[in-house]
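The values are calculated or read from the model by the stated rules, or taken from the named source; none is laboratory data. Remember, predicted model here, so these are calculated numbers, not experimental data. Positions of Cβ are backbone-derived with ideal geometry, glycine not excepted, and every protein chain shown enters the neighbour counts. Side chains included, ligands, DNA and RNA excluded: accessible areas come from the protein's heavy atoms. Shrake-Rupley method; radii C 1.70, N 1.55, O 1.52, S 1.80 Å.
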Amino acid sequence: MRKALRWLLALTVLIGTLSTAGVATATAAQAGRPGQVADIKDQLLAIPGMSLVEEKPYTGYRYFVLNYTQPIDHRHPSKGTFQQRITVLHKDVSRPTVFYTSGYNVSTTPSRSEPTRIADANQVSLEYRYFTPSRPAPADWSKLDIWQAASDQHRVFKALKPIYTKNWIATGGSKGGMTATYFERFYPRDMDGVVAYVAPNDVVNNEDSAYDRFFTKVGTKECRDRLDAVQREALVRRDALEKKYAAYAAENGFTFTTVGSLDKAYEAVVLDYVWGFWQYSLLSDCDTIPANAQAATDDEIWTSVDTISGFSFYTDQGLDPYTPYYYQAGTQLGAPTIQFPYIEKKYIRYGYQAPRTFVPRSIPMRFQPGAMRDVDSWVRHHADHMLFVYGQNDSWGAERFAVGKGSKDAYVFTAPGLNHGANVAGLTADQKALATARILAWAGVPATTTAQAKPLAPYDAKLDRQDVRREPTLRP
């Protein structure tokens, strides 16, 4: 029955897309003199369900913030809709298009992903369903899953493909890299290639020993010892630092209803410390960590933990924007857990807490262990035109995607010394050349040789500034 429903939905989307193509073509034909092509804004707004929020100027591009009407449930499109936010960085319809997802909110400031610059492409960016404002009201949380989100992308692609007719590449980092991978798994005929950055792959939720092994080898022993000592000291001085935390919360109006107590939030922040350092920092940043934790002042311990983990994060106000993320972690994505052998058990009261802890109790959750196993198996056996890029020192890279027998033109590369911001530019010279060449080939603008493969668009300090999203540590 499910296959039949999916087939019926695909047919419905196809019919809708054909209608969309007709409208766009008609608009072009009717605009101005015969043969004159319609303005790109008119073409976009001719798509049924597409509306303009604003257009922002940027030299060399047109940049649009849009809303697109989506079904809450792609299996039952008649049962309600919501507005999903999209941005379009328009270069030219003769160029390829990159479909970017962060897995979270969409930025409404013009920017380019790395594949967009490499291919000198247009870029369509999509806000992930249930991140505000792209959330149905009221929200049926059971409709927040990886298939529904992939179907959002599929429907946007079908709507825009008649305008942007050249090759398409899906991309994203971290949860966005996961999102691009899931999109490819469910709709493998849509994209011409996928570039997934630092995408975690928690296949078996209760087996996380890879993370423990990672934290015994990452960086240098001196750096690991510094971090471990500060983390332990923050728990040893719990009483004194929690008083500081309480004053900080009162001053800023922070509350702890979702997590349950200030004490649980404090421990969650502290236990994120080592993970967060390797996720966002480089080995050279170890010099900023107190060299002697026991001799450090309370303020020095507080400042180090707050700088890396953020004491505001596990408050109600900090957690609220990430509710969809934790919901997915506790229902499909899975969540890592690590051990702390250098901290005496008497200092740890809760350990890594489950995603359920960080989601309001009014939202029901049930874990689906088969979801990630299905995706992992598909990638290993069917990945085609896919590139995975990881950072050597990134905490999230301990459990990653792999390609195997049955995969074609698929790669997994690791950028030496890099963290959660790893990219193609940070790869070794030979891997960088190969990755760039494959991206250009998938985009339909191949280089003459691999050695000659270079980004087609010049660097733009504003458009290409990398923004490594500070994401919560998933805790089972």
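Close Cβ contacts (under 7 Å, 6 or more residues apart or on different chains) running from residues in segment 347-362 that are closer than 22 Å to Tyr130 by Cβ to residues that are among the aliphatic types (A, V, I, L, M) and part of a loop (DSSP other than H, G, I, E, B) comprise Pro355/Ala335; Pro355/Leu474; Arg356/Met365; Thr357/Val259; Phe358/Val259; Val359/Met365.
Which residue pairs have Cβ atoms closer than 8 Å, lie 6 or more positions apart in sequence or on different chains, and pair a first residue in segment 139-150 that is open to solvent by 10 Å² or more (accessible area, probe 1.4 Å) with a second residue that is among the acidic types (Asp, Glu)? From segment 139-150, the pairs are Asp140/Asp73; Lys143/Asp73. With respect to Arg189, is the statement that it is part of a helix (DSSP H, G or I) and either touching a residue at least 40 places away in the same chain (Cβ under 8 Å) or open to solvent by 10 Å² or more (accessible area, probe 1.4 Å) (or both) true? No: the conditions fail for Arg189.
Residues in segment 261-317 that are of a type in the set (Phe, Trp, Tyr) and not in a helix (DSSP H, G or I) were compared, and the one that is surrounded by the most Cβ atoms within 10 Å (Cβ to Cβ) is Tyr314. Could we say that Asp190 is of a type in the set (Asp, Glu), farther than 20 Å from Arg85 by Cα and in contact with a Leu (Cβ under 8 Å, 6 or more places away or on another chain) here? It is false that Asp190 is of a type in the set (Asp, Glu), farther than 20 Å from Arg85 by Cα and in contact with a Leu (Cβ under 8 Å, 6 or more places away or on another chain). When each of Ala170, Ala249, Ala234 is tested for being touching a Ser or Thr at 6+ places or on another chain (Cβ under 9 Å), more than 30 Å from Asn393 (Cβ to Cβ) and either open to solvent by less than 10 Å² (accessible area, probe 1.4 Å) or in a helix (DSSP H, G or I) (or both), the lone residue that passes is Ala249. Selection of segment 339-381 for residues being under 21 Å from the mean Cα position of the chain (by Cα) and open to solvent by less than 40 Å² (accessible area, probe 1.4 Å) yields Ala354, Pro355, Phe358, Val359, Ala371, Met372, Val375, Asp376, Trp378, Val379.
Annotation: Thr258 fulfils all but one of (1) under 30 Å from Gly417 (Cα atoms); (2) under 26 Å from the mean Cα position of the chain (by Cα); (3) not in a helix (DSSP H, G or I); the unmet one is (1). In this structure, is Gly417 assigned to a loop (DSSP other than H, G, I, E, B) and modelled with pLDDT of 95 or more? Yes, satisfied.
May I ask you to verify whether Ala461 is within 21 Å of Thr116 (Cβ to Cβ), out of contact with any Leu (no Cβ under 8 Å at 6 or more places or on another chain) and open to solvent by 60 Å² or more (accessible area, probe 1.4 Å)? Considered against the rule, which asks whether it is within 21 Å of Thr116 (Cβ to Cβ), out of contact with any Leu (no Cβ under 8 Å at 6 or more places or on another chain) and open to solvent by 60 Å² or more (accessible area, probe 1.4 Å), Ala461 comes out as yes. The set of residues in segment 60-74 being part of a strand (DSSP E or B) and either open to solvent by 50 Å² or more (accessible area, probe 1.4 Å) or under 19 Å from Gln148 (Cα atoms) (or both) consists of Arg62, Asn67, Tyr68, Thr69, Gln70, Pro71. Among the conditions (1) closer than 22 Å to Met178 by Cα; (2) modelled with pLDDT under 95, Thr116 misses just one, which is (2). Residue count for segment 184-217 under the criterion of being among the polar types (S, T, N, Q) and touching a strand residue (DSSP E or B) at 6+ places or on another chain (Cβ under 7 Å): the result is 1. Within segment 106-138, the set of residues being of a type in the set (Asp, Glu), in a loop (DSSP other than H, G, I, E, B) and buried (at least 21 other Cβ atoms within 10 Å of the Cβ) comprises Glu127 only.
Yes or no, residue by residue, for (1) among the aliphatic types (A, V, I, L, M); (2) out of contact with any helix residue (DSSP H, G or I) (no Cβ under 7 Å at 6 or more places or on another chain); (3) modelled with pLDDT under 95; (4) open to solvent by 30 Å² or more (accessible area, probe 1.4 Å):
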site: Leu387; (1), (2), (3), (4): yes, no, no, no
site: Gly391; (1), (2), (3), (4): no, no, no, no
site: Gly397; (1), (2), (3), (4): no, yes, no, no
site: Val412; (1), (2), (3), (4): yes, yes, no, yes
site: Gly421; (1), (2), (3), (4): no, yes, no, no
site: Val424; (1), (2), (3), (4): yes, no, no, no
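For the criterion of being among the polar types (S, T, N, Q), surrounded by fewer than 23 Cβ atoms within 10 Å (Cβ to Cβ) and at pLDDT below 95, Asn206 passes. Residues that are at pLDDT 95 or above, open to solvent by less than 40 Å² (accessible area, probe 1.4 Å) and not in a loop (DSSP other than H, G, I, E, B) within segment 26-59 comprise Ile40, Gln43, Leu44, Met50, listed in sequence order. Take Phe215 and tell me if it is in contact with a helix residue (DSSP H, G or I) (Cβ under 8 Å, 6 or more places away or on another chain), surrounded by fewer than 24 Cβ atoms within 10 Å (Cβ to Cβ) and under 30 Å from Phe277 (Cα atoms). The answer is yes for Phe215.
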